[in-house]
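Just below is one structure, and these are the notes that go with it.
The values are calculated or read from the model by the stated rules, or taken from the named source; none is laboratory data. Remember, it's a predicted structure, so these values are computed and weren't measured experimentally. Using ideal geometry, Cβ is built from the backbone for each residue, glycine included, and neighbour counts are taken over all protein chains shown. What goes into the accessible areas is simple: the full protein's heavy atoms, side chains included, and nothing from ligands, DNA or RNA. Shrake-Rupley method; radii C 1.70, N 1.55, O 1.52, S 1.80 Å.
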Amino acid sequence: MPSAEHFALKYLRREALPTAFCPGCFNGIVINALAKAFEEEGVEDLRNYVFVSGIGCAAWIPSPFMKVDSLHTLHGRAIPVAVGVKLANPGLDVVVVSGDGDLGSIGLGHLVHAARRNMDLAVIMVNNLVYGMTRGQQSPTTPPGLWTTTTPYGSYEYPMDVCRLLAETSANYVARWTPAHFNRLKESIKHMLFRRRRGFRFLEVVAPCTTYVSRRRGLRPGEALKELLRKSVRLEKPGKPGSGGPGERIVVGVFKDEDKPGYLDLYYSYVERARRGGTHG
Ligand SMILES: Cc1ncc(C[n+]2csc(CCOP(=O)(O)OP(=O)(O)O)c2C)c(N)n1
Ligand SMILES: [Mg+2]
């Protein structure tokens, strides 16, 4: 087992540590899962990667903490910037890490259309159920009844299930785990980055904000992890999945896993066709 120091030296920026996250924040588990995924695949440096994030706590996971080229963009605009990077240099592996607000609210249009195009990106959405950085406002994934700073009597809106939404597009891969499913989480990251290397690959990590969700509900981080396990229902379990989403039950698992051509494969095949004199139809 490599030591924590080993990971810090290899994939994290020493000068950026300790992280700015609240004590017990599950973003640390996501960083750990990313680092372990790279370590287990024998990736010595991250030179071929570009990480792109929007604005929010989750957006800080790659930038500034990971030793990788990263773009910390405008709120909601991680996807279009990532698309630009990929199209400018298709040889790069482009990974987006951002929050439920950034990707599922202000940036939702970009997310859905990148998924529809099966754009060659890996996207990790850390869903902490609120806008954490701005102090716990309701987000599109806030479960019914949950206290937030903008819903002091509990959220009365229907939340959005981003995995189900994206599973209906042409995205190649869609999965959801929680930090309590560490190995599954890590394996999904490996699958997205090393096995399925084309098309749109999306992973949602349901990781309730330790400060504005769990502590407010009287749960310490360890208790919050146990609750995540207790509430989780495996998608593959016959007869079990239903309403889904991060409410009382959290449906976890792989919603979709395909390997059809991604945006760039299609683009190049059409360029080739045009070169050979083919037209439409
Ligand atoms: C255009 C714009 N609108 C609003 C904000 C304020 N803002 C900063 S982070 C954020 C929400 C982030 O929520 P999420 O993406 O869920 O990240 P978290 O902090 O919860 O990890 C908002 C609304 C902003 N920075 N820019
Ligand atoms: Mg959030």
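Observations
- Reported count of residues in the stretch 78-105, each being part of a loop (DSSP other than H, G, I, E, B) and within 15 Å of ligand 1 (Cβ to nearest atom), is 0.
- For the residues Thr178, Thr169, the requirement of being in contact with a helix residue (DSSP H, G or I) (Cβ under 7 Å, 6 or more places away or on another chain) and under 23 Å from Cys22 (Cα atoms) singles out Thr178.
- Filter result (charged (D, E, K, R), more than 14 Å from Pro143 (Cβ to Cβ) and either part of a loop (DSSP other than H, G, I, E, B) or under 19 Å from the mean Cα position of the chain (by Cα) (or both)) within the stretch 205-233: Arg215, Arg220
- Met160 vs. criteria aliphatic (A, V, I, L, M), open to solvent by 10 Å² or more (accessible area, probe 1.4 Å) and more than 10 Å from ligand 1 (Cβ to nearest atom): yes
- Qualifying residue in the stretch 59-76 (condition: surrounded by fewer than 23 Cβ atoms within 10 Å (Cβ to Cβ), more than 22 Å from Arg164 (Cα to Cα), within 9 Å of ligand 1 (Cβ to nearest atom) and more than 15 Å from the chain's Cα centre (by Cα)): yes
- Boolean, Gly42 is open to solvent by less than 30 Å² (accessible area, probe 1.4 Å), assigned to a loop (DSSP other than H, G, I, E, B) and not polar (S, T, N, Q): no
- Conditions (1) within 16 Å of ligand 1 (Cβ to nearest atom); (2) of a type in the set (A, V, I, L, M, F, W, C); (3) touching a Lys or Arg at 6+ places or on another chain (Cβ under 6 Å); number of the one not met by Val126: (3)
- Filtered by the rule that a residue be touching a strand residue (DSSP E or B) at 6+ places or on another chain (Cβ under 9 Å) and in contact (Cβ under 8 Å) with a residue 40 or more places away in the chain, the stretch 104-121 gives Gly104, Gly107, Leu111, Ala114, Ala115, Arg116, Arg117, Asn118, Met119, Asp120, Leu121.
- All positions within the stretch 97-136 that are away from ligand 2 (no atom under 13 Å from the Cβ), among the small types (Gly, Ala, Ser) and open to solvent by less than 10 Å² (accessible area, probe 1.4 Å): Ala114, Ala115, Ala122
- Among the residues of the stretch 77-96, those identified as among the aliphatic types (A, V, I, L, M) and either free of Cβ contacts under 8 Å to residues at least 12 places away in the same chain or open to solvent by 10 Å² or more (accessible area, probe 1.4 Å) (or both) are Val81, Val83, Val85, Leu87, Ala88, Leu92.
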